[in-house]
Amino acid sequence: MGYKGKFKVWRGDASGGDLKDFEVEINEGEVVLDIIHRLQATQAPDMACRWNCKAGKCGSCSAEINGKPRLMCMTRMSTFEQDETVTVTPLRTFPVIKDLVTDVGFNYAKAREVKSFTPPKDLKPGEYRMQQIDVERSQEFRKCIECYLCQNTCHAVRDHEENKDNFSGPRYLMRVAELDMHPLDTADRKNSAQEEHGLGFCNITKCCTEVCPEHIRITDNALIPMKERVVDRKYDPLVWLGNKIRRR
Ligand code: SF4
Ligand code: F3S
Ligand code: FES
């Protein structure tokens, strides 16, 4: 059975904006993205939102719903009370372009800073051999749909704009960890994780893991192991000795 629901949607652009109230029809089985589309069709034709698949796979429709970072297409209206006002606002960590659309260019810039997979120079195509266990370890990280909900949520950038230059965020630290765990990668990921990607900014609050729609265990399986790898290297007595000799 359909009902009339109450929505508040943030409308505005880079110069400012406000929450606007709407009363809108809601039908059984609908998700928040359906309601935004209905508002566009019936009351606010110029309301901007980004979406593509409506199946939780393209990562485009990220927004904050009642203050929680979520995919609009995967948030069922049945999870709210019928008399509850549902508030939809753009991702807070990135600059607003218009209404629910933000400029997520920060993430593309950080992606470009991760050095690509670097196999041994003498390895020829066909000689790339890996153990199944090494393949499986990275499968989890490969489920990422680049929705940037984790990037939006991590307090290290959400509450500290000034950290953006020096911190790549959970999604790209996870990429660094994935490459470091790759048995054929030869690049020095441990130093770059600390010095270029800001691994030290992460204090393991696990908020990134909580919001990941793909349920990737970002903190436990990527960030903490990466921290351990960095520490192992730092306190490895042979590395320590080598560094000392080199410094002389
Ligand atoms: Fe989204 Fe999860 Fe990928 Fe982060 S790790 S961008 S939350 S899918
Ligand atoms: Fe941020 Fe996730 Fe670490 S939320 S602090 S990157 S555990
Ligand atoms: Fe593709 Fe929501 S529209 S993830």
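For the chain, what are Rg and Dmax over the alpha carbons, in angstrom?
Radius of gyration, then largest Cα-Cα span, for the chain: 21.7, 78 Å.
Would you please give the residues with an amide H less than 5 Å from that of residue 20, counting only those at least 5 places away or on a separate chain, with H modeled from the backbone geometry?
9, 10, 11
Neighbouring Cβ atoms within 10 Å as the yardstick, rank 64, 146 fewest first.
Ascending number of Cβ neighbours within 10 Å: 146, 64.
Using a 10 Å cut-off around each Cβ, can you sort 182, 160 from fewest to most neighbouring Cβ atoms?
Values: 182 19, 160 12.
Fewest-to-most Cβ neighbours within 10 Å comes out as 160, 182.
Specify the residue with the greatest mean-square fluctuation among 150, 212, 58, computed from a Gaussian network of the chain linking alpha-carbon atoms under 10 Å apart.
Of 150, 212, 58, the Gaussian network model singles out 58 as fluctuating most.
Would you calculate a helix-derived [θ] at 222 nm for the chain, using -39,500 (n - 2.57) for each DSSP H run of n ≥ 4 and dividing by the full residue count, to the nearest 500?
-9500 deg cm²/dmol
Spelling out what I want: for every residue of segment 66-81, take phi, set θ = phi - 60°, compute 6.51 cos²θ - 1.76 cosθ + 1.60 (Karplus), and round to whole Hz; glycine and proline get x.
6, x, 9, x, 8, 7, 5, 7, 10, 10, 6, 5, 5, 7, 10, 5
Would you look at the GNM of the chain, springs on alpha carbons closer than 10 Å, and say which of 22, 106, 80 moves the most?
80
Working out 0.36 nm times the residue gap between residue 41 and residue 205, then minus their Cα-Cα distance, what length gain in nm do you get to one decimal?
Full extension from residue 41 to residue 205 adds 55.0 nm.
From the residues 43, 111, 147, which one has its Cα farthest along the dipole of the chain in the positive direction, the dipole being from +1 and -1 charges on Cβ of Lys/Arg and Asp/Glu about the Cα centre?
Sorting the options by dipole projection puts first 111.
Which residue, 92, 129, 76, tops the fluctuation ranking in a GNM of the chain built on C-alpha contacts under 10 Å?
In the Gaussian network model the winner is 129.
Evaluate the distance, in nm, between pseudo-label points positioned 7 Å from the Cα of residue 130 and of residue 87 along their respective Cα→Cβ axes.
4.4
Taking the Cα-to-Cβ direction at residue 117 and at residue 28 and moving 7 Å from each Cα, how far apart do the two end points lie in nm?
In this crude label model, residue 117 to residue 28 measures out at 4.8 nm.
Using the Kirkwood formula over every pair of different C-alpha atoms, what hydrodynamic radius in Å results for segment 23-125?
15.8
Read the figures in this text as sums done on the coordinates, not as results from a lab. Because the structure is predicted, anything quoted here is derived from the model rather than measured. Methodologically, a virtual Cβ is constructed for each residue, glycine included, from the backbone with ideal geometry; neighbour enumeration extends over all protein chains shown.
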